[in-house]
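Visitor: Before anything else, here's the structure in question.
The values are calculated or read from the model by the stated rules, or taken from the named source; none is laboratory data. Every value quoted in this text rests on a predicted model; they were computed, and no experiment measured them. Methodologically, a virtual Cβ is constructed for each residue, glycine included, from the backbone with ideal geometry; neighbour enumeration extends over all protein chains shown.
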Amino acid sequence: MGIGDEVMATGFARGAAARGKRIAFGDGRKLIWGPWCEEAFRHNPNIARRADESGIEWCHYYKGNRHYNRLDAARRRWIWNYEFKAKPGEFYFTELERQAHRPGTVLIEPNVPWHKSVAVNKDWGAGRYQMLADRLKRTGWRVLQSSYGEVRLFNVETISVDSFRQAAALAAGVDLVITPEGGLHHAAAAVGTRAIVIFGGFIPPAVTGYNAHINLTGDAEACGSLHRCDHCRRALDQIEVDHVFTLADAELRQRNETTSERIARI
Ligand SMILES: [Zn+2]
């Protein structure tokens, strides 16, 4: 559906080079790379760049053949494949791309891919993200937003990024990411950063979620609806700012307690 798919691809390819292999994404004869592949796969030694390389293993995973979903007969919703489970991907950053760790920080992303019909079914609402940001700030945490996306939070630090890789590198240096299901939650998993992921009722955490994250569905079964869906709205409305704040604050405390605090707790 976007770069998240390609970040998942790097999870399938993980470890290939250590086995003397490279993974070729395509149909068994030719590589099939979408517009995000180059950026997601850059410097990744596990992924083949040519179909005629030696030691390649084919992975038939590409746009139109994503394994985790298929359209229903009416082409109005995705049917999810519960046999599929995303594995954390990986990025190979250069020294220039790598960002320093920013202690006590949370990266909040309120934007969903607005140009897609499903966006409305993933949108928790700018007002809720803002309330969450305000409370986290009042509690003493640093709240960041990347410069990507048209919905802007007020009174937070904007970190300039000009590519998805930079956003992923930024995610690597924070203590927590709060984001809708999508590219950034896949990136957070790939860089090993904890995340609170607003899933709602569109897509199930069992398929594209990661066990290391806190995945919030609003207690809904995922419907896969490609169009505005009341069930998805209700699911998102079930996810309360108060609850997300409590979870986020606890995560940030855990990551920022001093050694003496940790000893006191033990
Ligand atoms: Zn729905």
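Visitor: Assigned to a helix (DSSP H, G or I) and more than 15 Å from the ligand (Cβ to nearest atom): does that describe D237?
Guide: Numbers: assigned to a helix (DSSP H, G or I): yes; more than 15 Å from the ligand (Cβ to nearest atom): no.
No, not satisfied.
Visitor: Ok, one more. Quick one: which strands (runs of 3 or more DSSP E) sit completely within segment 109-204 and have at least 1 residues that are more than 16 Å from the ligand (Cβ to nearest atom), without any contact (Cβ under 8 Å) to a residue 40 or more places away in the chain and closer than 26 Å to D219 by Cα?
Guide: On the way: elements: 142-146, 157-159, 176-180, 195-198.
Output list reads 195-198.
Visitor: Of all residues in segment 230-261 being modelled with pLDDT of 95 or more and among the small types (G, A, S), which is surrounded by the fewest Cβ atoms within 10 Å (Cβ to Cβ)?
Guide: The extreme case among them is A250.
Visitor: Are there any pairs, at least 6 apart or on different chains, whose C-beta atoms fall under 8 Å, with the first in segment 234-260 and among the acidic types (D, E) and the second at pLDDT below 95, and if so, which?
Guide: E257/R265
Visitor: Between I47, I32, which is touching a Ser or Thr at 6+ places or on another chain (Cβ under 8 Å) and β-branched (V, I, T)?
Guide: Working: I32 fails: touching a Ser or Thr at 6+ places or on another chain (Cβ under 8 Å).
One residue alone meets the criteria, I47.
Visitor: Follow-up. Pull out all pairs, ordered by first then second residue, where Cβ-Cβ is under 8 Å, the residues are six or more apart or on different chains, the first lies in segment 206-230 and is under 25 Å from D242 (Cβ atoms) and near the ligand (Cβ under 9 Å from one of its atoms), and the second is outside any loop (DSSP other than H, G, I, E, B) and of a type in the set (F, W, Y).
Guide: A222/W80
Visitor: Checking R70 against (1) in a loop (DSSP other than H, G, I, E, B); (2) farther than 18 Å from R165 by Cβ, which single condition isn't satisfied?
Guide: Going through the list (1) in a loop (DSSP other than H, G, I, E, B); (2) farther than 18 Å from R165 by Cβ, R70 breaks only (1).
Visitor: Going through segment 183-221 one residue at a time, which ones are surrounded by fewer than 24 Cβ atoms within 10 Å (Cβ to Cβ) and under 18 Å from R66 (Cα atoms)?
Guide: Across segment 183-221, the qualifying residues are P204, P205, A206, V207, G209, Y210.
Visitor: Could you check E240 against (1) out of contact with any helix residue (DSSP H, G or I) (no Cβ under 7 Å at 6 or more places or on another chain); (2) closer than 25 Å to C37 by Cα and say which number it fails?
Guide: E240 satisfies all of (1) out of contact with any helix residue (DSSP H, G or I) (no Cβ under 7 Å at 6 or more places or on another chain); (2) closer than 25 Å to C37 by Cα except (2).
Visitor: Tell me, which residue of segment 94-111 that is of a type in the set (A, V, I, L, M, F, W, C) and within 17 Å of the chain's Cα centre (by Cα) is farthest from G182 (Cα to Cα)?
Guide: Applying the first criterion (of a type in the set (A, V, I, L, M, F, W, C)) to segment 94-111 yields 96, 100, 106-108.
Those still in the list that are within 17 Å of the chain's Cα centre (by Cα) too: 106-108.
Numbers: V106: 17, L107: 14, I108: 13 Å.
Residue satisfying both the conditions and the ranking: V106.
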